[in-house]
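To start, the structure itself, in structure tokens.
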Amino acid sequence: MSQQPIVLFDSGVGGASILKEIVERLPYEHFIYLADSKNAPYGERSPQEIINLSVKNTEYALRMNAKLIVVACNTATTNAISYLRTHYQLPFVGIEPAIKTAALNSEVKRIGVLATKGTLSSKLFKQTSEAFTQGIGVVEVVGKGIVEAVEGGWTSEQNFLDHLNIQVQAFIEEDIDYLVLGCTHFPYIIPQLEQLLPPHVKIIDSGRAVAKQTETLLMENKLKTSSTHPGEVEIYTNVDNVFHLKQLTKEIPNAVVRRDDF
Ligand code: DGL
């Protein structure tokens, strides 16, 4: 039983989509979310840079007395989680593209994955993809400029829609029936993707699975809070985007957004 916080981190505002799912599932826990927007996007960085940034975020989380860390970023998970698990004692939950679910459910046996370059080129992603997509066609597209648009708050602009439309053509041409969102920034563009893709394409992300895994690890490690009151939800950003983050997290009860350097 622990009243210490669960700390989540992402390269920026994207992981707030995961925070929402986890707060819904574990409302009595104390959460701290770190939006490392100063260093976004991680997706175009080298594996070593992604490890270094993940270590920096982990050190900050430890100073905040974290009992468990959720790496709310596919790029950081696929490139750095094994390093973090080897070098730190506390439990880590990661997020990976939900290709297994898509592959199991696809009727046409063709699925799409939209993710960052860092995720799609990682060893972990390749291993997972090989293990779960035997006999399934996988159309991989590196999302370009999407993270920047979600960070900057211009995803409703026509220019962005035109740019996104070019990127989803490969999914339309290959006639996929499942699209896996392999980046935590991308749930914020689901309405735009639904507008551009044929209506039979189902869009899935890993938010719920991560929330479930977080609860499982808390139980296994006897770290669940004994509180029966809604917990604090503190969100920290290291650039001047407090207003934007407040908008993105307005549905999360108790969420408070602050600026800090980390
Ligand atoms: N949100 C992150 C992810 O899930 C990374 C985006 C980026 O910084 O490139 O992959």
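Tell me, what are the semi-axes, in whole angstrom and largest first, of the equivalent ellipsoid of the range 10-66 as set by the roots of 5 times the Cα gyration tensor eigenvalues? Mind dumping the intermediate values first?
Values: eigenvalues 103, 42, 13 Å².
Equivalent ellipsoid of the range 10-66: 23, 14, 8 Å, largest first.
Taking Cα pairs under 8 Å and at least six residues apart, what relative contact order does the chain come out at, in percent? Mind dumping the intermediate values first?
Working: 507 pairs, mean separation 75.2, N = 262.
That works out to 29 percent.
Starting from the Cα gyration tensor of the range 1-129, multiply each eigenvalue by 5, take the square root, and state the resulting semi-axes largest first in whole Å. Don't skip to the end; give the middle numbers.
Numbers: eigenvalues 126, 67, 34 Å².
Sorted largest first and rounded, they come to 25, 18, 13 Å.
Going from most exposed to least, what order do Met219, Met64 have by accessible area with a 1.4 Å probe? Walk me through the numbers on the way to the answer.
On the way: Met219 110, Met64 50 Å².
In descending accessible area the options line up as Met219, Met64.
State to the nearest 20 debye the size of the charge dipole of the range 131-190 about its Cα centre, where the only charges are +1 on K and R beta carbons and -1 on D and E beta carbons. Mind dumping the intermediate values first?
Details: 1 positive and 9 negative charges, 31 e Å.
For this selection, approximately 140 debye.
Please report the orientation-averaged projected area of the range 90-201, defined via the convex hull of its C-alpha atoms, in nm². It would help to have the intermediate numbers written out before the result.
Details: hull surface 30.9 nm².
Hull-based average projected area comes out at 7.7 nm².
Sort Tyr42, Tyr178, Tyr28, Tyr188 by accessible area with a 1.4 Å probe, largest first.
On the way: Tyr42 5, Tyr178 30, Tyr28 105, Tyr188 55 Å².
Putting Tyr42, Tyr178, Tyr28, Tyr188 in descending order of accessible area: Tyr28, Tyr188, Tyr178, Tyr42.
Tell me which residues come under 5 Å, amide H to amide H, from Leu179 once H is placed; ignore anything under 5 positions away on its chain.
Here Gly112, Lys202, Ile203, Ile204 satisfy the definition.
Restricting attention to the range 72-148, which GluC sites (Glu not before Pro) occupy a DSSP loop and are surrounded by at most 10 other Cβ atoms within 10 Å? Before the final figure, lay out the partial values.
On the way: sites: Glu107, Glu130, Glu140, Glu148; in loops: Glu107.
Taking the range 72-148 and a limit of 10 other Cβ atoms within 10 Å, the loop GluC sites (Glu not before Pro) found are Glu107.
Using the Cα centre as the reference, give the magnitude of the dipole from point charges on the C-beta atoms of the chain (Lys, Arg: +1; Asp, Glu: -1; all else neutral), rounded to the nearest 20 debye.
Numbers: 24 positive and 30 negative charges, 154 e Å.
Charge dipole of the chain: 740 debye, to the nearest 20.
Over the chain, average the accessible area per residue using a 1.4 Å probe and give it in Å², no decimals.
Details: 11970 Å² over 262 residues.
Result: 46 Å² of accessible area for each residue.
Please determine, in degrees from 0 to 90 and to the nearest 10, the orientation of helix 47-63 with respect to the longest principal axis defined by the Cα atoms of the chain, where the helix direction is its Cα long axis.
30 degrees
How would you order 153-159, 11-17 from highest to lowest mean count of nearby Cβ atoms within 10 Å? Could the numbers behind the result be given before it?
On the way: 153-159: 12.1, 11-17: 28.3.
Per-residue Cβ counts within 10 Å, averaged per peptide and sorted highest first, yield 11-17, 153-159.
Please list, ordered by chain and number, the residues whose modelled amide H lies under 5 Å from the amide H of Val70; skip anything fewer than 5 residues away on the same chain.
Val7, Leu8, Phe9, Val93
How big is the C-alpha Rg of the range 78-141 next to the rule-of-thumb value 2.2 N^0.38 Å, as a ratio? Can you show the working numbers first?
On the way: Rg = 13.4 Å, N = 64, 2.2 N^0.38 = 10.7 Å.
The range 78-141 yields a ratio of 1.25.
How many percent of the accessible area of the chain is carbon or sulfur, using a 1.4 Å probe? The partial results should precede the final answer.
Values: 6030 of 11970 Å².
Taking all protein chains in place, the chain shows 50 percent carbon and sulfur surface.
Restricting to lysine pairs 8 or more places apart or on different chains, what number in the range 99-157 have Cα atoms under 19 Å apart? If you can, show how the numbers build up before the last one.
Details: Lys100/Lys109; Lys100/Lys123; Lys100/Lys126; Lys109/Lys126; Lys117/Lys126; Lys117/Lys144.
The number of close lysine pairs in the range 99-157 is 6.
Need the list of aspartates and glutamates near Lys20 for cross-linking: C-alpha distance under 19 angstrom, and skip anything on the same chain fewer than eight residues off.
Once the sequence-local aspartates and glutamates are set aside, what remains near Lys20 is Asp10, Glu29, Asp36, Glu96, Glu151, Asp205, Glu215, Glu232, Glu234, Glu251.
Across the range 23-36, in residue order, what do the Karplus-derived ³J(HN,Hα) couplings come to in whole Hz, using 6.51 cos²θ - 1.76 cosθ + 1.60 with θ = phi - 60° and x for Gly and Pro?
Taking θ as phi minus 60°, the curve returns 5, 4, 7, 10, x, 8, 7, 8, 10, 10, 10, 10, 9, 8 Hz for the range 23-36.
Return the lysines within reach of Lys56: Cα separation strictly under 16 angstrom, same-chain partners fewer than 8 residues apart disregarded; answer none if there are no such residues.
Of all the lysines, those that pass the test against Lys56 - Cα under 16 Å, at least 8 places apart if same chain - are Lys38.
Across all directions of projection, what mean area in square nanometres is found for the Cα convex hull of the chain? Display every interim value, and only then the final one.
Details: hull surface 52.5 nm².
Orientation-averaged projected area of the Cα hull: 13.1 nm².
In debye, nearest 20, what is the charge dipole magnitude of the range 71-171 about its Cα centre with +1 on Lys and Arg Cβ and -1 on Asp and Glu Cβ, if you could check? Display every interim value, and only then the final one.
Details: 8 positive and 8 negative charges, 90 e Å.
Here the range 71-171 has a charge dipole of around 440 debye.
Determine the shape class of the range 150-262: with a ≥ b ≥ c the square roots of the Cα gyration tensor eigenvalues, call it rounded for a/c under 1.5, and otherwise prolate if a/b is greater than b/c, oblate otherwise.
oblate
The values are calculated or read from the model by the stated rules, or taken from the named source; none is laboratory data. The structure displayed is predicted, hence computed values, not measured ones. All Cβ positions, glycine included, derive from the backbone under ideal geometry; neighbour counts span all protein chains shown. Surface accessibility is based on the protein's heavy atoms, side chains included, excluding ligands, DNA and RNA. Shrake-Rupley method; radii C 1.70, N 1.55, O 1.52, S 1.80 Å.
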